[in-house]
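Here is the structure we will look at, set down as structure tokens.
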Amino acid sequence: MAQRRFHPRFALLAASLVAACAAGGLDASDPGAAEGAPAGTVFGSFLVGRFAADEQDSRVAADNLLSALRAEPNQSEILQRAFSAAVMDGRPDALRLARRLPDNASAQLLLFGAEIASQRWDRAESRARALGRQGPMQALQPVLVAWSLAGRGQTDQAIALLRPAAEQGRFRALNALHAALIADVANRPREAERYVRLALAGQPEPTLRLTLLAAGILNRAGRNADAVRLLNQLAETHDELALAVQEPARGIVLTQKSITGPADGIAEAYVALGSALRGQGLEEMAGLLARLALRLRPSFGPALLLLADTLTEGEQLEAAATALGQIRPEDPLFGTAQLRRAGLLDRLDRLAEAEALLNQTAAAVPNLPQALTRLGDILRRRSRFAEAVTAYDGAIARLEQARDFDWPLFYARGIARERSGDWTGAEADLLRALALSPEQPYVLNYLAYTWADQGVNLDRARAMLEGAAVQRPQDGNIADSLGWVLYRMGDLPGAITQLERAVELESRNSTVNDHLGDVYWAAGRQNEARFQWRRALTMEPDQAETARIEAKLQNGLPIPASR
């Protein structure tokens, strides 16, 4: 396990904290010092809080970092971390600490939000303009200024501020969307329509949030057909996000304004920036922006989804499930949240709750396959293949007509059928998946490998796997399957080449190493074969595979006849 690097700045901080402990008459090296006077707990509290923050345990982080700050109120490092922890845990201390951090952008965003919530528009505008345009603020700052102006009733000035960037530039979609939202709040449907069309321009697959907001604006502008077309485009994908555009959610999207004032609009902007930062791997900042959005708009579905995503990334599964559980049933994102929450409950080994939640969701939307598909996936991963098939049967029965993007559903049922002993049904499903999307490498691999293992359709299997290998040249499983087909066809040199490459790519895969051993044995390289078989046994193969490998080590293999 790699050691965490000890940052020089942290070393200086640690030294100063130890010095503070010593000044208080306590020995920081004494394990019992933490049980003494408050000054003696500073170093320990800081370390515990820092570690908890890294693990996204916001409650423990806030408790310990705030405790450390009370003992050492002038330590800048503790102050910065205590503020972040307080925000992440929703503590009222965050606002007080933010006032001590004039150079911290997150602190200034929190203070700006407080001015917005109190409708102090002049002060909000001043704070927004003072943020500057460095880093992420380059995109966010004009939007915040514009909403401050809108709050003061200066709609024309707000839209004028955003117009240049809305019509061209790097952040065109963001600025155009918020110009549309400001016009929509001011009941200017034609102007809102113009800007939302700019936001949609050049985006053949707009994000879920842009789709929902744009559909509402278009409908209020009298463009119902365009609004419905936009929602149908997402609904037809059959993924989890499609639940947000089905009834009753669809009616809410089309008839109710999601953004009713500056606080809502700013929360929207925070979530948009947070989502973009999360896409760049900046999970902590994304989570903090989600928390700031929730301070402005409690129970805001997009913010809770973003927060749950960041918590999940940090393996805080219980907290993530709790966040998703706060999304209200009337929120268009409720169905999507239920599917994600079920997945988290499964990972927490609360399978009965996950099953109940998915069955409940399936009953609530009886014409949609998503909940039953998710249930099938969970059961399949838990090796409950026959039950998974039943769930997939129910999902497929809900398809009015299978489309190209439905291939994963037939692929998943094919795997479950094959693993439950129904090869005839499995083969039909895998062929159906390929008929829907002919070049899917994983379907090609699964079907072709199974044919090779059965010794049938070898020429077709080889062609399929060669095509898959072109698409996924670094996939060791596909290289293994191609090598196995060549072995079954009697091409030992070709099989060895492919399987040696497969072992390079999947060095810890017991099946791949086992296959290479078989081919070595067939080529008369018995010592190398035994080495690979012994190596495969170190990789925790299942019980049946272990028995087969041990038998080969004892008895070897017959040399197969060339085909």
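The values are calculated or read from the model by the stated rules, or taken from the named source; none is laboratory data. Computed from a predicted model, the values in this text were never measured in an experiment. Every residue, glycine among them, receives a Cβ derived from its backbone with ideal geometry; neighbour counts consider all protein chains shown. Accessible surface areas use protein heavy atoms only, side chains included; no ligands, DNA or RNA. Shrake-Rupley method; radii C 1.70, N 1.55, O 1.52, S 1.80 Å.
Just a few scattered comments:
- Among (1) within 18 Å of residue 193 (Cβ to Cβ); (2) more than 23 Å from the chain's Cα centre (by Cα) - the single one residue 213 does not satisfy: (2)
- The range 356-373, residues that are part of a helix (DSSP H, G or I), more than 15 Å from residue 334 (Cβ to Cβ) and open to solvent by 30 Å² or more (accessible area, probe 1.4 Å): 356, 359, 373
- Pair list, Cβ under 6 Å, 6 or more apart: the range 509-529 residue at pLDDT 95 or above and buried (at least 23 other Cβ atoms within 10 Å of the Cβ), other residue polar (S, T, N, Q) and in a helix (DSSP H, G or I): 513/532; 516/532; 517/532
- Residues in the range 363-385 that are within 10 Å of residue 413 (Cα to Cα) and of a type outside the set (D, E, K, R): 373, 376, 385.
- Taking the criterion of being surrounded by fewer than 23 Cβ atoms within 10 Å (Cβ to Cβ) and among the polar types (S, T, N, Q), the residues of the range 443-483 that qualify are 450, 454, 457, 471, 474, 477.
- Looking across 432, 419, one residue alone is touching a helix residue (DSSP H, G or I) at 6+ places or on another chain (Cβ under 9 Å) and either under 30 Å from residue 233 (Cβ atoms) or of a type in the set (Val, Ile, Thr) (or both). It is 432.
- Only listed residue being open to solvent by 60 Å² or more (accessible area, probe 1.4 Å) and under 23 Å from residue 368 (Cβ atoms), chosen from 433, 397, 416, 412: 397
- Screening the candidates 323, 319 for the property of being small (Gly, Ala, Ser), touching a helix residue (DSSP H, G or I) at 6+ places or on another chain (Cβ under 7 Å), open to solvent by 30 Å² or more (accessible area, probe 1.4 Å) and farther than 25 Å from residue 425 by Cα yields one hit, 319.
- Leading residue by the ranking (most open to solvent (accessible area, probe 1.4 Å)) among those in the range 293-316 that are assigned to a loop (DSSP other than H, G, I, E, B) and under 25 Å from residue 213 (Cβ atoms): 298
- Checklist (1) out of contact with any helix residue (DSSP H, G or I) (no Cβ under 6 Å at 6 or more places or on another chain); (2) under 28 Å from residue 76 (Cβ atoms); (3) in a helix (DSSP H, G or I); (4) among the acidic types (Asp, Glu) applied to residue 115, failing item: (1)
- The condition (being in contact with an Asp or Glu (Cβ under 6 Å, 6 or more places away or on another chain), modelled with pLDDT of 50 or more, surrounded by 13 or more Cβ atoms within 10 Å (Cβ to Cβ) and in a helix (DSSP H, G or I)) is satisfied by just one residue among 61, 53, 86: 86.
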